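Visitor: Following this message is one structure expressed as structure tokens.
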Amino acid sequence: MGRKSKLVYVPLRQLRRPILEEIAFRGTILPYLTKHGQLFAITISAFFFGLMHLNIIQSPFAFLIGLVLGYVSLTYGLFWAVVLHIINNFVFGDILFQLLSPFSPAVQDGVNNLISFVFFLAGAWVLYRNREAIKAYLKTYRTTPATYRQALVYWPFLLYTGLALWQMIASLQPL
């Protein structure tokens, strides 16, 4: 692939993936599950979104991002979830990768860990600062535990989860 092709292909790829993922997870799965409650829909669609990444390191982060994107989609609309997803992928994918590429893997890991820690602290601060509004939201949109129990034993849920976890474990490399 030539240099000009890469200049067009990389940005298009960075747009296509989040758009398609948002259509699938927040545009299709999330609205389908809302009949069981908003929190249930956000949680389960985020769980599937995390598993879809098939990476034991990336999946927990993707799950947390999925929670945010689900909330954004239900509260502000799918468009804003897509925009946020594109920004997330662009910052943590392309820009960070390009900026850190001249450095050693140890430096890259250190910077990635530092940025992740800063975002974790910022997220924890936002959650703490908005804890009363969050409590009210959770109380308003609470889902009965029976709904979660039913979902956890539903065979497609178990099959998807099992296959995704198997793929993650099978792809692990020895240290």
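Visitor: Measure nothing fancy, just the Cα-based angle from helix 131-140's long axis to the longest principal axis of the chain, in degrees from 0 to 90, nearest 10.
Guide: 50 degrees
Visitor: Compute the Rg to Rh ratio over the chain from the alpha carbon atoms, using the Kirkwood formula for Rh, and round to two decimal places. Mind showing how you got there, number by number?
Guide: On the way: Rg = 18.0 Å, Rh = 18.1 Å.
A ratio of 1.00.
Visitor: With every protein chain in place, what's the accessible area of Lys35 (1.4 Å probe, Å², nearest 10)?
Guide: Approximately 130 Å² for this residue.
Visitor: Please report, in debye to the nearest 20, how large the charge dipole of the chain is about its Cα centre when each Lys and Arg carries +1 at its beta carbon and each Asp and Glu carries -1 there.
Guide: The calculated dipole for the chain is roughly 300 debye.
Visitor: Right, here's the next one. Measuring with a 1.4 Å probe in the full set of protein chains, what accessible area per residue, in whole Å², belongs to the chain?
Guide: On the way: 12220 Å² over 175 residues.
It amounts to 70 Å² per residue over the chain.
Visitor: Given a cut-off of under 8 Å on Cα pairs at least six residues apart, what relative contact order in percent is computed for segment 41-175? The partial results should precede the final answer.
Guide: Working: 60 pairs, mean separation 33.7, N = 135.
About 25 percent, as a whole number.
Visitor: Would you calculate the separation in nanometres between label points at Ala124 and Arg142, each defined as 7 Å from the Cα along the Cα-to-beta-carbon direction?
Guide: Label at Ala124, label at Arg142, 2.7 nm between them.
Visitor: How large is log10 I(q)/I(0) at q = 0.18, 0.20, 0.21 Å⁻¹ when the Debye formula is applied to the Cα atoms of segment 32-115, each weighted equally and without solvent?
Guide: Result of the Debye calculation: -0.83, -0.95, -1.00.
Visitor: If you don't mind, there's one more thing I want to ask. Please report, as a whole percent, how much of the solvent-accessible surface of segment 58-175 comes from carbon and sulfur atoms (probe radius 1.4 Å).
Guide: It is 73 percent, rounded to a whole number.
The values are calculated or read from the model by the stated rules, or taken from the named source; none is laboratory data. Predicted, not measured: the structure shown is a model, and the values here were computed from it. Here the Cβ is made from the backbone with ideal geometry for all residues, glycine too, and neighbour counts use every protein chain on show. Side chains are part of the model used for accessible areas, which takes the heavy atoms of the whole protein and leaves out ligands, DNA and RNA. Shrake-Rupley method; radii C 1.70, N 1.55, O 1.52, S 1.80 Å.
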